[in-house]
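The values are calculated or read from the model by the stated rules, or taken from the named source; none is laboratory data. Here the structure is a predicted model, which means the values were calculated and not measured. All Cβ positions, even for glycine, are placed from backbone atoms using ideal geometry, and neighbour counts span all protein chains on display.
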Amino acid sequence: MNLYGLYTLFSKEVWRFLRVSTQTLGAPAITALLFLVVFAQAMETRVTVLEGISYQVFLVPGLIMMSMIQNAFANSSSSLLQSKMNGSLVFLLLAPLSAIELYLAYVSAAIVRGFLVGMVIYVVAWLFIDIGIAHLLWVLLFAVFSSAVLGALGLMVGVLATRIEQVAGFQNFIILPMSFLSGVFYSIYSLPPFWQAVSKINPFFYMVDGFRYSFFQQSDVSPGLSLLWVFVFFTLLSAASLHILKHGYKMRN
Amino acid sequence: MSAVSIHSLHKHYPGVHALNNVDLTIPQGEFFGLLGPNGAGKTTLISVMAGLTRATSGEVSVMGFDVVKQYRQARQHLGVVPQEVVFDPFFTVGEMLRIQSGYFGLGRSNRAWIEELLETLHLTSKMNTRMRALSGGMKRRVLIAQALVHRPAVLVLDEPTAGVDVELRKILWQFTTKLHQEGHTIILTTHYLEEAEALCNQIAIINQGEVVALDSKQGLLARNPYRMLRVTVSEAPEKLPERLVPLLHEQKDTDFTFRLHRKDDPIADVLHALRHAGVEIMDLHIGEPTLESVFLTLTE
Ligand SMILES: Nc1ncnc2c1ncn2[C@@H]1O[C@H](COP(=O)(O)OP(=O)(O)O)[C@@H](O)[C@H]1O
Ligand SMILES: [Mg+2]
């Protein structure tokens, strides 16, 4: 294992987004908080999704998870695509780094990005709204593994894409709508049966629902089931991205 | 053990046979020239050596390590200066070098070497400059420093002097010569033939993916048996001696250039024939064959 090499790539990736933290942490936090203010103002008195929890409070975990999903994906996909575009990927390919080392570095950096975005939103929300955490360990498990799933997916998309539009398209037409429709703003049981079934094949639903359970001890499906699904997605996407890195598709051809 | 050894190497791209059964052994300590016209397959060959491209078939090893199966060791021993000037605009020169050094598992202990590299390549003052703010020539120097950051035994430079100003070219020549003297194996691709002639002892010429010549510089030059003799005379004769007519290559006023075969046309014969015809010789110049003429015959 080239641990120092892995660590170098990881810190470079973290450094890369911290250097432009207004865009990479600030902007997502502001978006999430705007959703919180607007939706909560508009709906506060009309909706109660979970027993004993105001709509405003209900929204917070879902918004945090949605931002973590989007940002973890953006971190690895945009970094890889950029280094392909400007050609600096060659420096990484010349280095004695294995597929698993590349994978670990990119995915860990995506986790850090997701985690920091989530933290910023939580802390700012917490200043205005009283929101406690019921199960800290579950919060951490869902945050880390959901970010890891999206980090691995972003890695794959970043490696396979050859143009910026492909990554942007994936982000705008897949990640964004799927994360919006994952039960961030409602309980899926408020939906017609067909859309309930559709929601249940959306991986992001399990991330949001389980994450919300960690705060309120209430959820649409059992948190154990959600965590299991997150692990399944994590395993599948990790295997797929490792396979791609090992064979050097679109990188060493 | 050789620095680089290549066996039956093939590389197909869709519709292009970029490398066709290449066999090449580059001994350690060589200053090796890889010549060939554009599209010959030089960059592809380097990419396979560096693990940037997978070969279709065949084997390549660097310092005895297979570039696919033992890629870690192979890459530790190889430094590559890419043909294109590529860079990460995010980072400064110093950061780029520390990051590259880190990829190779080298931490603080390598800082002194990085500083030395910056010094030698006259980059010290640019240490904290972002890559995007550097001129093209400066960026190329950084590429060279990056390739050397892990002290590789074998250094490959892919057309390092293409589009480079005279001053930088001189620095590069001195620097690579120094590295060679220190024991590095240098592999240089270039399309400036005088550059290869000045620097390389061993030369391979590739054309359309095949090695068409592999020889020492002297050996290659000897393949061209002709040399040029330019004679300046005081007054052009009415008629050239019969014997010299087929040898005449060019005439400009009182300058006669003869194309002479090393064995069959001794210079003394020409001079003798001229004097015999009463021609007074003012000046002489002998042009040895250049790599260019050999190159052109081999890649036509
Ligand atoms: N990625 C690629 N895809 C398809 N063809 C390629 C690729 N890279 C190089 N080639 C082709 O392979 C041949 C050799 O190219 P290259 O190795 O770059 O030549 P050189 O460096 O000697 O100029 C050329 O015909 C080139 O068009
Ligand atoms: Mg080339």
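If I go through segment B:164-189 residue by residue, how many of them are within 17 Å of B:Met49 (Cβ to Cβ) and within 16 Å of ligand 2 (Cβ to nearest atom)?
3
For segment B:26-141, which strands (runs of 3 or more DSSP E) that fit wholly inside it have 1 or more residues that are more than 30 Å from B:Glu197 (Cα to Cα) and more than 11 Å from chain A (Cβ to nearest Cβ)?
On the way: elements: B:31-35, B:57-62, B:78-81.
Passing ranges, in order: B:57-62.
Any residue that is among the acidic types (Asp, Glu), more than 17 Å from A:Leu92 (Cα to Cα) and free of Cβ contacts under 8 Å to residues at least 24 places away in the same chain - is there at least one of those in segment B:98-118?
yes
Against the numbered list (1) within 14 Å of ligand 2 (Cβ to nearest atom); (2) within 30 Å of B:Met127 (Cα to Cα), B:Gly36 comes up short only at (2). Considering segment B:20-47, the residues that are in contact with a helix residue (DSSP H, G or I) (Cβ under 9 Å, 6 or more places away or on another chain) and within 8 Å of ligand 1 (Cβ to nearest atom) include one that is nearest to B:Leu155 (Cα to Cα), namely B:Gly36.
Residue-wise test of (1) within 14 Å of chain B (Cβ to nearest Cβ); (2) modelled with pLDDT of 95 or more; (3) in contact with a helix residue (DSSP H, G or I) (Cβ under 9 Å, 6 or more places away or on another chain).
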position: A:Asn86; (1), (2), (3): yes, no, no
position: A:Phe91; (1), (2), (3): yes, yes, yes
position: A:Val107; (1), (2), (3): no, yes, yes
position: A:Ala110; (1), (2), (3): no, yes, yes
position: A:Gly114; (1), (2), (3): no, yes, yes
position: A:Ala125; (1), (2), (3): no, no, yes
position: A:Ala134; (1), (2), (3): no, no, yes
position: A:Phe145; (1), (2), (3): no, yes, yes
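Quick check on B:Gln83: is it closer than 30 Å to B:Ser2 by Cα, within 16 Å of ligand 2 (Cβ to nearest atom) and either in contact with a helix residue (DSSP H, G or I) (Cβ under 6 Å, 6 or more places away or on another chain) or charged (D, E, K, R) (or both)?
Working: closer than 30 Å to B:Ser2 by Cα: yes; within 16 Å of ligand 2 (Cβ to nearest atom): yes; either in contact with a helix residue (DSSP H, G or I) (Cβ under 6 Å, 6 or more places away or on another chain) or charged (D, E, K, R) (or both): yes.
In short, yes.
Restricting to segment A:121-144, what's the tally of residues that are part of a loop (DSSP other than H, G, I, E, B) and within 11 Å of A:Leu227 (Cα to Cα)?
Just the residues of segment A:121-144 that are part of a loop (DSSP other than H, G, I, E, B), to begin with: A:129-135.
Filter once more, so that each one left must be within 11 Å of A:Leu227 (Cα to Cα): none.
Going through segment A:121-144 one residue at a time, the tally reaches 0.
Residues in segment B:4-25 that are touching a residue at least 40 places away in the same chain (Cβ under 8 Å), away from ligand 2 (no atom under 16 Å from the Cβ) and within 14 Å of another protein chain (Cβ to nearest Cβ): B:His12 alone.
Restricting segment B:77-116 to residues that are surrounded by fewer than 22 Cβ atoms within 10 Å (Cβ to Cβ) and of a type in the set (Gly, Ala, Ser), the residue that is nearest to A:Asn253 (Cα to Cα) is B:Gly105. Kindly establish whether B:Gly209 is buried (at least 21 other Cβ atoms within 10 Å of the Cβ), touching a residue at least 12 places away in the same chain (Cβ under 8 Å) and on the phi > 0 side of the Ramachandran plot. It is true that B:Gly209 is buried (at least 21 other Cβ atoms within 10 Å of the Cβ), touching a residue at least 12 places away in the same chain (Cβ under 8 Å) and on the phi > 0 side of the Ramachandran plot. For segment B:49-56, the count of residues that are in contact (Cβ under 8 Å) with a residue 12 or more places away in the chain, basic (Lys, Arg) and surrounded by fewer than 22 Cβ atoms within 10 Å (Cβ to Cβ) is nonzero.
When you check B:Ala147 against the structure, is it closer than 22 Å to B:Ile205 by Cβ and either surrounded by fewer than 20 Cβ atoms within 10 Å (Cβ to Cβ) or touching a Leu at 6+ places or on another chain (Cβ under 7 Å) (or both), yes or no? No. Residues that are within 18 Å of A:Phe73 (Cβ to Cβ) and at pLDDT 90 or above number at least 1 in the following helices (runs of 4 or more DSSP H) confined to segment A:168-236: A:176-180, A:203-216. B:Ala74 satisfies every condition listed in (1) crowded, with 16+ Cβ neighbours inside 10 Å; (2) within 16 Å of ligand 1 (Cβ to nearest atom); (3) small (Gly, Ala, Ser) except (2). Among the residues of segment A:51-93, those identified as outside any helix (DSSP H, G or I) and closer than 29 Å to A:Gly210 by Cα are A:Glu51, A:Gly52, A:Ile53, A:Ser54.
I'd like the residue in segment B:147-178 that is within 16 Å of ligand 1 (Cβ to nearest atom) and either in contact with an Asp or Glu (Cβ under 9 Å, 6 or more places away or on another chain) or assigned to a helix (DSSP H, G or I) (or both) and, out of all such residues, is nearest to the other protein chains (Cβ to nearest Cβ).
Step one: of segment B:147-178, the residues within 16 Å of ligand 1 (Cβ to nearest atom) are B:156-163.
Checking the rest, the ones that are also either in contact with an Asp or Glu (Cβ under 9 Å, 6 or more places away or on another chain) or assigned to a helix (DSSP H, G or I) (or both) come to B:158, B:161.
Numbers: B:Asp158: 11, B:Thr161: 19 Å.
Among them, the one singled out is B:Asp158.
Going by the conditions given, is A:Ala134 exposed (fewer than 15 other Cβ atoms within 10 Å of the Cβ) and over 30 Å from A:Met85 (Cα atoms)? Taking the combined requirement at face value, the residue satisfies it. Scanning segment B:191-206 for residues that are surrounded by fewer than 21 Cβ atoms within 10 Å (Cβ to Cβ) and either outside any helix (DSSP H, G or I) or of a type in the set (D, E, K, R) (or both) turns up B:His191, B:Tyr192, B:Glu194, B:Glu195, B:Glu197, B:Asn201, B:Gln202. Screening segment A:145-171 for residues that are more than 16 Å from the chain's Cα centre (by Cα) and of a type in the set (Val, Ile, Thr) and picking the one that is surrounded by the most Cβ atoms within 10 Å (Cβ to Cβ) gives A:Val159.
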